[in-house]
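The values are calculated or read from the model by the stated rules, or taken from the named source; none is laboratory data. Since we're looking at a predicted model, the values are computed, not measured. Methodologically, a virtual Cβ is constructed for each residue, glycine included, from the backbone with ideal geometry; neighbour enumeration extends over all protein chains shown. We work out accessible area using only protein heavy atoms, side chains counted, and drop any ligands, DNA or RNA first. Shrake-Rupley method; radii C 1.70, N 1.55, O 1.52, S 1.80 Å.
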Amino acid sequence: MNERGNGPRSGSPTGQASDDSRVTATSRVKRGLAEMLRGGVIMDVVDAEQAKVAEGAGAVSVMALERVPADIRRHGGVARMSDPALVQAIQGAVTIPVMAKARIGHFVEAQILEALGVDYVDESEVLTPADEAHHVDKWAFSVPFVCGATNLGEALRRISEGAALIRSKGEAGTGNVVEAVRHLRSILGDIRRVTQADSAELYGWAKQLQAPVALVQEIAETGRLPVPLFCAGGLATPADAALVMQLGAEAVFVGSGIFKSSDPSRRARAIVEATTHYRRPDILAEVSRDLGEPMMGSEIDGLEVRLSERGW
Amino acid sequence: MKVGILALQGDVGEHARVLADLGADPIEVRAPEELAGIDALVLPGGESTTMSMLLESSGLFDPIADRLAGGMPAFGTCAGMILLATEVLDGRRDQRCFGAIELSVRRNAFGRQVDSFESDLDVSDVVGGPMRAVFIRAPVVALAGEGVDVLATVAVGGAPTPVVCRQGSVLVAAFHPELAGDWRLHELFLSNVGSGGDGPAR
């Protein structure tokens, strides 16, 4: 792990102030920011203007990217990390944390995003993978990483590589929540099953999940992932957000669902309310009224590219 | 005792686990009616701009402000400290605070997430050695009123800057004791709840 001192630029500590023991980039510090995002909505934005709309609607964080997943699907081609100028413009426009996407395995894009001071790097299947076998060694970075997963084994492999936050992959850019539900149910269902296993069976689980046995044992003991579990991929309505929260997600990412709808500000605000009040159907009914057209959705079977199949 | 946790957004579950461990009865508060019967309130870490907005839309802002003015003990960590302060120097224009403790605070005072850190911190009134303090995009106190006790400071640009403060029955910390496995600040807070928290906080 990369731990480095972070003392003040000048002057000597006085009174009770002591910088000698300061360490940055510990697991607790990296996972800590994800803990603070719980119960919130992280919104995909492509420019500073959208970032302001997201912040004004109550987003806990924004995800900077060049094109939202729906446009990546439509236009095709290789999808890469955003232009640094765009990331910096978004950082300058809002005070909430800013995340940005790097390609799977593209550790140099991640280095660049770290140098820009983004608050989280999303090693994302939405972009075109840069490595067909290896993900980024995330322990080598000070910036925390979020990674997608479709099942528990994938989640644990990403955590073993240093991910400080896991999200379901879902099927980004479809406006169809079915894959996100499948992935959440798979991860949470397997966690429940692991907690029922005896100590000998945990080795079998580790083999089956292709994941380190120490992490499997930790889950058996605590009944949860060692990092927060958020939901992403295809959420388009307040009801979608509340659905995945009731299923056990701890926060939601909304990508194309907001800025591909007819009234982004209103829909964003409604999804924020729904994520907080996810167990209150009366409030969900109220915030779901008159939101205008949601983004156009897609059937999963008709897709040419399944983004969730990227990553290993 | 029943201790409410403002549960609009943030690390609510961690506070709930700590409070339950210490024998209190944690109650998640998302609606005004859930304030009834609580003896104290914890305001967790999270995104203060989001919580501020949800406090308005949920109708919670005014009833919580009334309870705080009536002396209800409160403990705010990070974003919770911002919400309890009188002034946010760099908040959104529409961001409202409770003014339950005379502090001007500055958000994200240490920089971005890569500058977030943990360190050992001596806190007055907390016995048994320094606490491990986890600062996540943390705020600091830019100015504390005369009635405020400063219980701990850290150096910011070489100057000691308050990060744990108390005024009456209101306790705030710029860091996250709920993340570090050290419950002594929560104990300090609860010891104040047991003693009634009567009388106005200011």
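When nucleic acids and ligands are ignored and a 1.4 Å probe is applied, B:Val127 ends up with an accessible area of around 120 Å².
Couplings 3J(HN,Hα) of region A:67-72, computed from phi: 9, 5, x, 4, 6, 4 Hz, in residue order, whole Hz [Karplus 6.51 cos²θ - 1.76 cosθ + 1.60, θ = phi - 60°; x for Gly and Pro]. Computed extension gain for A:Ala214 through A:Glu309, at 0.36 nm per residue and net of the alpha carbon distance, reaches 31.6 nm. Distant-in-sequence amide contacts of A:Ser82, defined by a placed amide H-H separation under 5 Å and a gap of 5 or more residues or a different chain, comprise A:Glu66, A:Lys101.
Working from Cα pairs under 8 Å separated by at least six residues, relative contact order for chain A is 18 percent. Per residue, the convex hull around the alpha carbon atoms of region A:196-302 comes to 137 Å³.
Dividing the summed -39500 (n - 2.57) terms of all DSSP H runs of n ≥ 4 by the residue count of the protein assembly as shown sets its mean residue ellipticity at 222 nm at -10000 deg cm²/dmol.
With R₀ fixed at 22 Å, the C-beta to C-beta distance from A:Thr195 to B:Ala20 puts the FRET efficiency at about 0.65. Just add up the charged neighbours of B:Arg112: K/R +1, D/E -1, any other residue whose Cβ is under 11 Å from the Cβ of B:Arg112. Overall, the nearby charge balance is -2. Counting every pair of alpha carbons in region A:62-195, the share spaced more than 21 Å apart comes to 43 percent.
Compare A:Val216, A:Val23, A:Val118 in a GNM of chain A, Cα atoms joined below 10 Å, and give the one with the largest fluctuation. Ranking A:Val216, A:Val23, A:Val118 by mean-square fluctuation puts A:Val23 first. Under a 5 Å amide H to amide H cut-off, with H placed in plane at 1.01 Å, what residues pair with B:Val156 once short-range neighbours are removed? Residues meeting the criterion, in which the H sits 1.01 Å from N, are B:Thr161. Less than 5 angstrom separates the built amide H of B:Leu143 from those of B:Ser104, all sequence-distant by 5 or more or on a different chain. Taking the Cα centre of the protein assembly as shown as origin and assigning +1 to Lys and Arg Cβ atoms and -1 to Asp and Glu Cβ atoms, the resulting dipole is close to 480 debye. With θ taken as phi - 60° and the Karplus curve 6.51 cos²θ - 1.76 cosθ + 1.60 applied, the whole-hertz 3J(HN,Hα) list for region A:197-208 is 6, 7, 4, 5, 5, 4, 5, x, 4, 4, 5, 5 Hz, x standing for glycine and proline.
Cα centroids of region A:123-158 and region B:27-60: 35 Å apart. Given in Å, the Rg to one decimal and the Dmax to the nearest whole number for the Cα atoms of region B:2-195 are 15.1, 46.
So if I take the alpha carbon set of the protein assembly as shown, get Rg, then get Rh from the Kirkwood formula, what is the Rg over Rh ratio? In the protein assembly as shown, Rg relative to Rh is 0.96. Measuring between alpha carbons in the structure, the pairs from A:Lys169/A:Lys207; A:Lys52/A:Lys101; A:Lys30/A:Lys207 lying more than 26 angstrom apart are A:Lys30/A:Lys207. For region A:180-245 versus region B:62-107, the inter-centroid distance based on Cα atoms is 37 Å. For region B:2-195, carbon and sulfur atoms together expose 46% of the accessible surface, with a 1.4 angstrom probe and every protein chain in place.
Counting charges near A:Glu171 (Lys, Arg +1; Asp, Glu -1) among other residues having Cβ under 14 Å from its Cβ returns a value of -1. Ranking A:Ser186, B:Ser104, A:Ser265 from most to least accessible surface, computed with a 1.4 Å probe over the protein chains only, gives A:Ser265, A:Ser186, B:Ser104.
In the complete set of protein chains, residue-level accessible area for A:Lys138 is approximately 0 Å², probe 1.4 angstrom. For chain A, set up a Gaussian network in which alpha carbons nearer than 10 Å are linked by springs, and say which option among A:Lys260, A:Lys169, A:Lys207 fluctuates the most. Ranking A:Lys260, A:Lys169, A:Lys207 by mean-square fluctuation puts A:Lys207 first.
For the residues B:Leu41, B:Leu22, B:Leu83, a GNM of chain B with alpha-carbon springs under 10 Å puts the largest fluctuation on B:Leu22. If you take all other residues with their beta carbon under 13 Å from the beta carbon of A:Ala220, and give Lys and Arg +1 and Asp and Glu -1, the sum is -2. Residue order by solvent-accessible surface for A:Glu161, A:Glu299, A:Glu125, B:Glu146 is B:Glu146, A:Glu299, A:Glu161, A:Glu125, largest first, with ligands and nucleic acids left out and a 1.4 Å probe.
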